[in-house]
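**Q** Shown below is the structure under consideration.
The values are calculated or read from the model by the stated rules, or taken from the named source; none is laboratory data. Please read all numbers here as calculations on a predicted model, not as lab measurements. No Cβ is skipped: glycine too gets one built from the backbone with ideal geometry, and neighbour counts run over all protein chains shown.
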Amino acid sequence: MILKETKLKGCFVIEPKVFKDKRGYFLETFNLETFNNKLGLKVHFVQDNESQSSKGVLRGLHYQIGKHAQAKLVRVIKGAVLDVVVDIRIGSETFGEHFSIKLTEENKTQLFVPRGFAHGFVVLENETILSYKCDNFYHVASEGGIIFNDQELDIDWGFSEQELIISDKDLLLPNFKNAKL
């Protein structure tokens with residue numbers, strides 16, 4: 001497993017070793033000991049989530065605050081997404097900056113999103129399945145979000161706004177300046 005820290009401290013791109021032969025492929029998607037030793041963290045995932053979406057669906061930007069904040073390990077099982085994270089850690093050198101990466105079933109790349117980050121993705125292929133581990137349980141009173149088209153963040157999602165499919169709830173999210181952090 002190759003880990004590369006992004007420009008956002010604590011956020012890592014993870015490239016697994018994939019073993020291919022005539023039967024197909026094998027890869028280890030997660031190993032607690034290897035993961036914690038390589039990252040120098042003590043992450044303990046407690047919940048796995050999965051979503052299936054069509055091309056153009058945008059989910060996010062979501063996060064949880066306080067003692068219910070979540071770190072995530074994100075990967076695509078089928079299809080492709082543009083995965084986006086925003087540093088919302090007040091006092092961080094990269095506060096308000098974002099990072100994006102294409103996660104696909106072909107590249108099998110994963111993204112480790114530490115606590116203190118907003119997360120979202122736009123689906124690039126029909127019937128895409130995204131899976132992610134969380135190190136804390138979902139807590140409705142601690143959820144927060146930032147509108148996808150916030151002018152200050154200036155995220156390029158790769159689609160026009162008219163092409164995007166967004167939930168009513170996500171369309172009502174506040175801008176970055178007014179988000180509860």
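**Q** Answer yes or no as to whether I14 is hydrophobic (A, V, I, L, M, F, W, C), modelled with pLDDT of 95 or more, surrounded by 13 or more Cβ atoms within 10 Å (Cβ to Cβ) and not in a loop (DSSP other than H, G, I, E, B).
**A** Details: hydrophobic (A, V, I, L, M, F, W, C): yes; modelled with pLDDT of 95 or more: no; surrounded by 13 or more Cβ atoms within 10 Å (Cβ to Cβ): yes; not in a loop (DSSP other than H, G, I, E, B): yes.
Considered against the rule, which asks whether it is hydrophobic (A, V, I, L, M, F, W, C), modelled with pLDDT of 95 or more, surrounded by 13 or more Cβ atoms within 10 Å (Cβ to Cβ) and not in a loop (DSSP other than H, G, I, E, B), I14 comes out as no.
**Q** Give the residues of region 152-181 that are assigned to a loop (DSSP other than H, G, I, E, B) and out of contact with any Phe, Trp or Tyr (no Cβ under 9 Å at 6 or more places or on another chain), sorted by residue number.
**A** Initially, region 152-181 is screened for residues assigned to a loop (DSSP other than H, G, I, E, B), giving 152-160, 164, 167, 172-175, 179-181.
Of everything in region 152-181, those that are assigned to a loop (DSSP other than H, G, I, E, B) and out of contact with any Phe, Trp or Tyr (no Cβ under 9 Å at 6 or more places or on another chain) turn out to be D154, D156, G158, F159, S160, S167, L172, P174, N175, K180.
**Q** Would you call K9 in a loop (DSSP other than H, G, I, E, B) and either over 30 Å from D168 (Cβ atoms) or at pLDDT 95 or above (or both)?
**A** Values: in a loop (DSSP other than H, G, I, E, B): yes; either over 30 Å from D168 (Cβ atoms) or at pLDDT 95 or above (or both): yes.
Judged against the criteria, K9 is a match.
**Q** In region 89-97, is there at least one residue being of a type in the set (D, E, K, R) and surrounded by 22 or more Cβ atoms within 10 Å (Cβ to Cβ)? Before you say what the answer is, go through the steps one by one.
**A** The first filter runs over region 89-97 and keeps only residues of a type in the set (D, E, K, R), leaving 89, 93, 97.
So of that shortlist, the ones also surrounded by 22 or more Cβ atoms within 10 Å (Cβ to Cβ) come out as none.
No, region 89-97 contains no residue that is of a type in the set (D, E, K, R) and surrounded by 22 or more Cβ atoms within 10 Å (Cβ to Cβ).
**Q** Give the residues of region 27-64 that are touching a strand residue (DSSP E or B) at 6+ places or on another chain (Cβ under 7 Å), farther than 22 Å from V84 by Cβ and exposed (fewer than 13 other Cβ atoms within 10 Å of the Cβ), sorted by residue number.
**A** Answer for region 27-64, where residues must be touching a strand residue (DSSP E or B) at 6+ places or on another chain (Cβ under 7 Å), farther than 22 Å from V84 by Cβ and exposed (fewer than 13 other Cβ atoms within 10 Å of the Cβ): L27, V46.
**Q** Considering only region 11-18, I want to know if a residue exists there that is in contact with a helix residue (DSSP H, G or I) (Cβ under 6 Å, 6 or more places away or on another chain), closer than 17 Å to F117 by Cα and in contact (Cβ under 8 Å) with a residue 12 or more places away in the chain. Step through it out loud before you land on a result.
**A** Of all residues in region 11-18, those in contact with a helix residue (DSSP H, G or I) (Cβ under 6 Å, 6 or more places away or on another chain) come to none.
Among the residues of region 11-18, not one is in contact with a helix residue (DSSP H, G or I) (Cβ under 6 Å, 6 or more places away or on another chain), closer than 17 Å to F117 by Cα and in contact (Cβ under 8 Å) with a residue 12 or more places away in the chain, which makes the answer no.
**Q** Hey, another quick one. Yes or no: region 100-123 includes at least one residue that is more than 15 Å from Q64 (Cα to Cα), among the polar types (S, T, N, Q) and in contact with a Pro (Cβ under 9 Å, 6 or more places away or on another chain). Break it down stepwise before answering.
**A** Keep residues of region 100-123 that are more than 15 Å from Q64 (Cα to Cα), which gives 100-112, 121-123.
Next cut, among the polar types (S, T, N, Q) only: 100, 104, 107, 109-110.
Going one step further and asking which of them are in contact with a Pro (Cβ under 9 Å, 6 or more places away or on another chain), we end up with 109-110.
Looking for residues that are more than 15 Å from Q64 (Cα to Cα), among the polar types (S, T, N, Q) and in contact with a Pro (Cβ under 9 Å, 6 or more places away or on another chain), one finds at least one in region 100-123, hence yes.
**Q** Answer yes or no: is there a residue in region 155-162 that is over 21 Å from V81 (Cβ atoms) and either surrounded by fewer than 18 Cβ atoms within 10 Å (Cβ to Cβ) or polar (S, T, N, Q) (or both). Break it down into steps so the answer makes sense when it comes.
**A** So the first thing to find is which residues in region 155-162 are over 21 Å from V81 (Cβ atoms), and the list is none.
No - not one qualifying residue is present in region 155-162.
**Q** Determine, yes or no, whether K169 is out of contact with any Lys or Arg (no Cβ under 8 Å at 6 or more places or on another chain), of a type outside the set (A, V, I, L, M), within 22 Å of K55 (Cβ to Cβ) and loosely packed, with under 12 Cβ neighbours inside 10 Å.
**A** Numbers: out of contact with any Lys or Arg (no Cβ under 8 Å at 6 or more places or on another chain): yes; of a type outside the set (A, V, I, L, M): yes; within 22 Å of K55 (Cβ to Cβ): yes; loosely packed, with under 12 Cβ neighbours inside 10 Å: yes.
When the stated conditions are applied, K169 passes them.
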